[in-house]
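These notes concern the structure reproduced below.
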């Protein structure tokens, strides 16, 4: 809808307009209702090559060739960003804005030349295009730095519990509410957060991750909210954006939220309530639009009882919730995961390895308290450190190779006895996996055959061999 400007064009108004536009480097002319010039600024007078005092009271079309101001005065309709051609052929871009009296009659017109020539406009367009190109480059760089790296296709697992968890996470990704992910350490909470972001409507915006337990308490506020230049000793020139600002429009992943100090919990709660942040050392707030995914391996409900986690923040974060199962809860996925990691690390180290059925059997029996992170680390170590193509039971770490009950023996009875117990277990396992072939067992143990014979006799293992 067009806005009409009511104005009384008396001498006081003309003097005021002249005060505003008189010395600016833009061409400006003001006329009355019949088109007589009431004000012509210095810049326009220089462009037209006239003495401005001599043209005051003159009809505008006699001073400015082809002027359309008389048409605007007749119609009362403004002309915005219109092309105007001077008598010398120079093309410009102008605004012609009519004024009205309080009873709706045309009182006059203000003409403003936005661009003195098309070349000036083209130069500005080039500059603007360059700025847009650079802005696009920066936006693409930001997107590449803070982009989600994983999708649900990268989450391996065909067990029932994994399929159900994945289906739930996909549904939650379509919501705009905050999401809380819980689960033991090593279950892959950040990977799931990446996948949720990629499946959400915010996929084209940044995914920013913060480990709340890895940042010193005195730096956490500036890391999350940013800071202004000079706000503290060592502050970067020009200040710094915080993680909330970097994630604007996208997703902020607050990993290990249970490790966040109480004071910061208060400030995070305020951001979630008000949807605005204030930089350290800043004097104003900035609106943000960020989806929050929080994760923790801690029991937040127990922490609330102990007074180490705020109940109001817990309910703000726990709008949508799902728990990641431990590896112990879906052992049927172990073979798939191990195969994946072997392939991945063999490719990385340009080698070929395979895990023997005997070694795989031991890996299946282990409880994996460190979950998938521990499994990945163990497989990488096996691929890198094992001599030869086969990964056998004797290549496995001792804490995995020994049965759980043996790892918790009371070794206070003496080092010699404890070492003897471990040695006996290793020989027994080697003989078992070598199908009682003593030559093969000695090779697996990396000891001479004669030494193996002595140890079998020492630990009275001959009877077990006969029985088996």
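The values are calculated or read from the model by the stated rules, or taken from the named source; none is laboratory data. Keep in mind that what you see is a predicted model, and the values were worked out from it rather than measured. No Cβ is skipped: glycine too gets one built from the backbone with ideal geometry, and neighbour counts run over all protein chains shown.
Could you tell me which of the residues 319, 383 is within 36 Å of the chain's Cα centre (by Cα) and buried (at least 18 other Cβ atoms within 10 Å of the Cβ)?
383 is the lone residue from the list that is within 36 Å of the chain's Cα centre (by Cα) and buried (at least 18 other Cβ atoms within 10 Å of the Cβ).
Among the numbered criteria (1) over 17 Å from the mean Cα position of the chain (by Cα); (2) modelled with pLDDT of 90 or more, which single criterion is violated by residue 246?
So residue 246 meets the others, but not (1).
Going by what's in this entry, would residue 265 be described as surrounded by fewer than 15 Cβ atoms within 10 Å (Cβ to Cβ) and not in a loop (DSSP other than H, G, I, E, B)?
Considered against the rule, which asks whether it is surrounded by fewer than 15 Cβ atoms within 10 Å (Cβ to Cβ) and not in a loop (DSSP other than H, G, I, E, B), residue 265 comes out as no.
Out of all the residues in the stretch 321-350, which are in contact with a helix residue (DSSP H, G or I) (Cβ under 7 Å, 6 or more places away or on another chain) and farther than 20 Å from residue 161 by Cα?
If the condition is that a residue be in contact with a helix residue (DSSP H, G or I) (Cβ under 7 Å, 6 or more places away or on another chain) and farther than 20 Å from residue 161 by Cα, then 341, 342, 345, 346, 349 are the ones that fit.
Given the conditions (1) farther than 20 Å from residue 317 by Cβ; (2) touching a strand residue (DSSP E or B) at 6+ places or on another chain (Cβ under 7 Å), which single one is not true for residue 277?
Among (1) farther than 20 Å from residue 317 by Cβ; (2) touching a strand residue (DSSP E or B) at 6+ places or on another chain (Cβ under 7 Å), residue 277 violates only (1).
One line per residue, one yes/no per condition, for (1) more than 30 Å from residue 189 (Cα to Cα); (2) out of contact with any strand residue (DSSP E or B) (no Cβ under 9 Å at 6 or more places or on another chain); (3) at pLDDT below 90:
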residue: 106; (1), (2), (3): yes, no, no
residue: 126; (1), (2), (3): yes, yes, yes
residue: 131; (1), (2), (3): yes, yes, yes
residue: 137; (1), (2), (3): yes, yes, yes
residue: 151; (1), (2), (3): no, yes, no
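Please work out if residue 168 is surrounded by fewer than 18 Cβ atoms within 10 Å (Cβ to Cβ) and part of a helix (DSSP H, G or I).
Taking the combined requirement at face value, the residue satisfies it.
Could you please find all residues in the stretch 238-247 being part of a loop (DSSP other than H, G, I, E, B), in contact with a strand residue (DSSP E or B) (Cβ under 9 Å, 6 or more places away or on another chain) and surrounded by fewer than 20 Cβ atoms within 10 Å (Cβ to Cβ)?
The one that is part of a loop (DSSP other than H, G, I, E, B), in contact with a strand residue (DSSP E or B) (Cβ under 9 Å, 6 or more places away or on another chain) and surrounded by fewer than 20 Cβ atoms within 10 Å (Cβ to Cβ): 239.
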